C-alpha cells in the first residue's frame, strides 16, 4: 500500500493497523494536486434497498464510428459502410435518443479523439457487450471540471441518462480516471476498466448510476471511487488485481450486490460518513483487509429482514499488512447478519450473527415494532417463546429488563455490588441484575430489595437507560413534547428529558402521549433498547413515525 500511495504522488504517511493512512481520507488523498472547490453534499437519510431507476433512452438514431475507415464528414456516419472516424465528431451530431455504434479499434488522440469524451444526455455509446469491450479500446485523458474536486483527468465524462456499454477504457496519465460521473444518473455496463493510473470509474455528487457486469482490473488506485452524496447500484462486477476494489466515502450510500472482489490490495475501503449496503458479494484473497472502515463509515452487512449473504474470507494474504476479513476502526458497532465470515478474522466492534438465525416470530408481522424486535432478536439480545411467538404486548419484569440491558450494553461496573435481599445467588437473573446494578442502569428499593418479578413501568425503563448511559441532566423543555408531561414523577423528569433529547423514547400509537406510569410492553422495551443502541453508535437507525424527535 505504501508503494501504491507513493506511485499516486501522495507521499508517505504513518500507517495504522489498517492498510490505509490515518491522517487523511483516501478520496481526499487521491485528489491532492487539484483545488478543492466544495464540500461533499450531506445526506442524513438511509437508502431503501430498491434499485435506482435509470431509464434507458429510446433509440431513434444510429451513428456509426470506425477509427480506421471512417471520415468525419457531415455526410458520413449514417451507415456501417460509411462511418464517422471519431466518437468526438459523432457526439457533435448526436441528440437524445442517439446510439453511437463503434467498430473494433483503438479510439485515441492519434485517431483524432478529443479528451475527455463528453457524452450528451440520452446518448448511448456502445462497442461489443458480449466481449466486455475487447478490441474496443478508448484510451486518453483530458481535464474535466468537478464542482467537488476541481479539474480532473478523465477519459470519458458521463451525462444524465447516458449509457456506456461494451468498451474498454484506460487512462494512464497521473491521477487518471476512466469515466467521471458527477450529478448524473447513467448506465455503465458490460465494459472493461484496466490500467488507469487512479480508478476505472469515479462517482461523485448527487449521482445515482447503475454500474453492472463490468470488469475492473489492474488499475493503480481503485476499481471504483464513490463519494459526495452519490447513491446508485454497483452490481455483478468483477474487481480483480486492482488497488482497492472500491473506495467509498463522503455521505454516499451505494448498494453493492453480487460483485466478485478478489485478489486486490484491499477489497472495500470506507471512510467519512458513507453507508454502503452490501448483499451477495464475494470479497476474498485481498493482500490486506477485505473490508476496512474508518471515521464514521457504517456498512450495512445484513439485517434480520435482509440477510447480507456476503462471503468475506481469506483476506490478509500479505502477512506484512496484517489484514483481516472485516476491520472496523470506527467507534460504531456493525451488524453483520447472515454472512459467510470467520468471526476470528474480524477486528473491532461487530455484532456477528451467522445466517439462519430465526427472528421470524409469528405474531410480529406488521407490528409497529417489528423491525426493532427482529433486529434485537438477530443479536440474541431478546428472545421469543418456544411456540415461535414473541408476545409483543406482554409486560416485562425488572429481572427481564436487567437481562436485556446486560446483553445489549455489557456494562462495565461503576458501582459496588449490592446484595439484594430478594435476589438469591441461585436466582436465574442474579448475574444480569448485578450487571445492571453495578453498571448504573438499575437500583433497588428502600429496605434492600430489587423486586425482580415486578413489572417495569415505562418511566423506570427510560430512567434506567438514561442513567446507565450517563446522559446527564436533560433540558426540561424537551418534556413539552408530551401531552401528559404532568404525569412524569419529579424524580424522573430530568433523565426522561435527556432520553427524549437523544431520541430514545418511542410512543405508540400517539407519539405525544408518554403514559409514563403504565407497564412497558415487550415491544416498547425493544424499541427503547434499540434506540439507545443507535444513540451509542451500535446500531443503524430504523425510520419510525413513533420516535419522539429532539427539538
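Just a few scattered comments:
- Residue in the stretch 62-76 that is within 23 Å of residue 214 (Cβ to Cβ) and out of contact with any helix residue (DSSP H, G or I) (no Cβ under 8 Å at 6 or more places or on another chain) present: no
- Within the stretch 288-313, being more than 27 Å from residue 531 (Cβ to Cβ) and assigned to a strand (DSSP E or B) holds for 292, 311, 312, 313.
- Only one of the listed residues (175, 165) is in contact with a strand residue (DSSP E or B) (Cβ under 9 Å, 6 or more places away or on another chain), touching a residue at least 40 places away in the same chain (Cβ under 8 Å) and on the phi > 0 side of the Ramachandran plot. That residue is 175.
- Among the residues of the stretch 410-457, those identified as touching a residue at least 60 places away in the same chain (Cβ under 8 Å) and either in contact with a helix residue (DSSP H, G or I) (Cβ under 6 Å, 6 or more places away or on another chain) or closer than 17 Å to residue 382 by Cβ (or both) are 455, 456.
- Test: residue 497 is farther than 21 Å from residue 400 by Cα, in the same structural domain as residue 390 (by TED's automatic domain parsing) and buried (at least 17 other Cβ atoms within 10 Å of the Cβ): yes
- In the set 139, 114, 152, only one residue is in contact with a helix residue (DSSP H, G or I) (Cβ under 6 Å, 6 or more places away or on another chain) and either touching a residue at least 24 places away in the same chain (Cβ under 8 Å) or farther than 22 Å from residue 57 by Cα (or both); that residue is 114.
- Of the numbered criteria (1) modelled with pLDDT of 95 or more; (2) surrounded by 18 or more Cβ atoms within 10 Å (Cβ to Cβ); (3) more than 26 Å from residue 373 (Cβ to Cβ), the one residue 474 fails is (1).
- Residue 333 being without any contact (Cβ under 8 Å) to a residue 12 or more places away in the chain and surrounded by fewer than 22 Cβ atoms within 10 Å (Cβ to Cβ): no
- In this structure, residue 316 does not satisfy being assigned by TED's automatic domain parsing to the domain that holds residue 278, farther than 27 Å from residue 455 by Cβ and assigned to a strand (DSSP E or B).
- Residues in the stretch 280-297 that are surrounded by fewer than 24 Cβ atoms within 10 Å (Cβ to Cβ) and under 13 Å from residue 270 (Cα atoms): 294, 295, 296.
- Enumeration of residues in the stretch 61-74 that are modelled with pLDDT of 95 or more and in a loop (DSSP other than H, G, I, E, B): 66, 67, 68, 69, 70, 71, 72, 73
- Residue match in the stretch 340-348 (condition: in a strand (DSSP E or B), surrounded by fewer than 18 Cβ atoms within 10 Å (Cβ to Cβ) and touching a helix residue (DSSP H, G or I) at 6+ places or on another chain (Cβ under 6 Å)): no
- Count of the stretch 208-253 residues, restricted to those that are in contact with a strand residue (DSSP E or B) (Cβ under 6 Å, 6 or more places away or on another chain) and farther than 20 Å from residue 165 by Cβ, is 18.
The values are calculated or read from the model by the stated rules, or taken from the named source; none is laboratory data. Everything numeric here is computed off the predicted structure, so don't read it as measured data. As a convention, Cβ positions derive from the backbone with ideal geometry for all residues, glycine included, and neighbour counts pool all protein chains shown.
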